[in-house]
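Colleague: Okay, here's the structure, questions in a sec.
Computed from the coordinates by the stated procedures, all read-outs in this text should not be read as laboratory data. Predicted, not measured: the structure shown is a model, and the values here were computed from it. Every residue, glycine as well, gets a Cβ built from its backbone with ideal geometry; the counts of neighbours run over all protein chains shown.
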Amino acid sequence: MSSEDLKEAGIEPARKRRYLLRWRQKFRNGEYGVGGDFKYVHDGTAELRVCEVPSATPSSFVSATQTPGRTKLVLNVPLGSNTYKLEQGQSTTELKKPKEYKLVNGHVISGPFALPVKGSHGGVAQVKIQEGMWEDRLGVKVFGGERRRAETLHKLGVAEHRKAAGTAR
């Protein structure tokens, strides 16, 4: 459907038509938004866990927090599961890390709508469905927009100085 077809169907104003067309294009491109690539979701809740998996490329790097021959990844695991189990015939390189979620300081999961689980010390996070999670937010004009920003700020400053001096008109 084109914008004209949506207009004939009675979808007004043009902003709503653009919104629908933009979301349709996102789905075509496989951009499902936050949590769209999660495999294990139960009652609107997905669990992310820091898991040590066999490294695809062996390295000689050894540290106090990392086991040799293994690497830490943020993975979507079934709710309540302690570790991630590789499926039959699956290798470490085929593991799919959730988009937009990363490991911070080696043990804390960071990303949109990720809430740490109590008592997990950052190694486990849950992502729950919330209002506005997939909302396409519009920009907000601040001080008249980009072009008039300096002019508007100047006028506000002049008015503030006059008010402070007691010569406001």
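Colleague: What is the spin-label model distance, in nm, from Y40 to S2 if the labels are put 7 Å beyond Cα along the C-beta direction?
Modeller: About 4.8 nm, to one decimal.
Colleague: Nearest 10 degrees is fine. How inclined is helix 145-165 to the longest principal axis of the chain, computing both from alpha carbons?
Modeller: 60 degrees
Colleague: Give me the angle, in degrees from 0 to 90, between the Cα long axis of helix 14-28 and the longest principal axis of the Cα atoms of the chain, rounded to the nearest 10.
Modeller: 20 degrees
Colleague: Further question: With viscosity set to 1.567 mPa s and temperature to 4 °C, compute the Stokes-Einstein D of the chain, Rh being the Kirkwood radius across alpha carbon pairs; µm²/s, no decimals.
Modeller: 62 µm²/s
Colleague: For D136 and E160, calculate 0.36 nm times their separation in residues minus their Cα-Cα distance, and state this gained length in nm to one decimal.
Modeller: On the way: separation 24, 0.36 × 24 = 8.64 nm, distance 3.59 nm.
That works out to 5.0 nm of additional length.
Colleague: Just in the range 79-169: which GluC sites (Glu not before Pro) are loop by DSSP and have at most 15 other Cβ atoms within 10 Å?
Modeller: Qualifying residues, ordered by number: E87, E100, E131, E135.
Colleague: Could you tell me the number of lysine pairs in the range 41-128 with C-alpha atoms less than 22 Å from each other, where the two lysines are 8 or more residues apart or belong to different chains?
Modeller: Close lysine pairs under the 22 Å cut-off: 16.
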